[in-house]
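Below is one structure; the comments refer to it alone.
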Amino acid sequence: MTTTAATRLFALLGDPVGHSLSPVFQNAAIRHLGLDAVYVALRCSADDAPGLIRSLARAGGGGNVTVPHKQVAARAVDVASDRVVRTGACNAFWLADGRVHGDNTDVAGVDGAVRALLGCSPAGASVLLLGAGGAASAAVCALADAGVERIFIVNRTPERSSELAERFRTPSVRIDTASSADDLRGGRFDLAINSTSLGLKPGDPLPLHPQASTLTIGVALDLVYSPSETHWVHEMRACGIPAADGKEMLIQQGAAAFRHWFGVDAPVDVMRAALRETSRQDAS
């Protein structure tokens, strides 16, 4: 990749960022389309994030924001999309009309990943959601917009679960909360989603053990990803439950951000191929 004085800089801001695969597929897409741009990962503090967001955007670039700065980013942009307002989180930013814009493309990412896993729309589905943080907020937003029938949020902190449920509960979408999956003993769910950070670090406990649970689960989506597959996905598949990790969500949210930055559709197949190649290299 050749850079020039006119090369536009795009960056992933967060802490940590060393594990991120976003530079792999975003730079592959940039090269494929022959764009004069480069995408990097920058570890930064919450105090530094707002200044970096505004400086990168005003310099003609943009980027993404990951944990734990998505809420900070939502307050740093001039123009927040409806998804940013509803979720309270921003993960993509760019400059338009002289103002810094922000979106939560994680919502589109979850929607795309869920549809790819189910092979259809999740409308009418019953969903078990593990976690109540920023990723969970994007998931609930996507699921509610898709017309699911019911969402059970399981989180150890009842206050966070209740706040998330109240934010998105509507007459057409029932959202209930529980502090443990044991409270849902015997429940049946079309889809289970892990939106916690469990699985990012080696040795993390499973967010929900399929063999120890009395729940019936149709398919499982882990929003955490790894170069091969996460431990939770492996265990779910071992129990006969179709499962996928967060790489498809990563691709879908990245493609949505790409359209904001460059005004063209992202070459999604190129992005997927770049991730597959990285996974093969890490496995060898």
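The values are calculated or read from the model by the stated rules, or taken from the named source; none is laboratory data. Computed from a predicted model, the values in this text were never measured in an experiment. Cβ sites come from the backbone with ideal geometry, for glycine too, and all protein chains shown count toward neighbours. Surface accessibility is based on the protein's heavy atoms, side chains included, excluding ligands, DNA and RNA. Shrake-Rupley method; radii C 1.70, N 1.55, O 1.52, S 1.80 Å.
For the stretch 75-179, which GluC sites (Glu not before Pro) are both in a DSSP coil and crowded by at most 16 other Cβ atoms within 10 Å?
GLU149
Rounded to the nearest 20 debye, what is the charge dipole size of the chain about its Cα centre when +1 sits on each Lys and Arg Cβ and -1 on each Asp and Glu Cβ?
220
Taking the Cα centre as origin and putting +1 on Lys and Arg beta-carbons and -1 on Asp and Glu beta-carbons, what dipole magnitude results for the stretch 113-216, to the nearest 20 debye?
100
How far is helix 134-146 tilted, in degrees, relative to the longest principal axis of the Cα atoms in the chain, given as a value from 0 to 90 rounded to the nearest 10?
80
Relative to the longest principal Cα axis of the chain, at what angle does helix 22-33 sit, 0 to 90 degrees, rounded to 10?
For helix 22-33, the angle is close to 50 degrees.
Computed from these coordinates, which is Rg and Dmax of the Cα atoms in Å: (1) 20.8, 82; (2) 18.6, 61; (3) 17.2, 51?
Checked against the structure: label (2).
Choose one of VAL219, ALA57, SER126: the residue whose Cα lies farthest towards the positive end of the charge dipole of the chain (beta-carbon charges +1 Lys, Arg; -1 Asp, Glu; about the Cα centre).
The listed residue farthest towards the positive side: ALA57.
Any chance you could give the angle, 0 to 90 degrees and rounded to 10, that helix 268-283 forms with the longest Cα principal axis of the chain?
Around 70 degrees separate the two axes.
Give me the percent of DSSP beta bridges within the chain that run antiparallel, rounded to the nearest 5.
If I count the DSSP bridges inside the chain, around 20 percent turn out antiparallel.
Using a 1.4 angstrom probe on heavy atoms only, work out the carbon and sulfur share of the accessible area of the stretch 150-218 in %.
Solvent-exposed carbon and sulfur of the stretch 150-218 make up 47 percent of the total.
State the Cα centre-to-centre distance between the stretch 121-176 and the stretch 205-284 in whole Å.
Each part's Cα centre sits 20 Å from the other's.
Might you work out the accessible area of HIS231 for me, using a 1.4 Å probe with all protein chains in place, and round it to the nearest 10 Å²?
Counting only protein heavy atoms, the figure is 110 Å².
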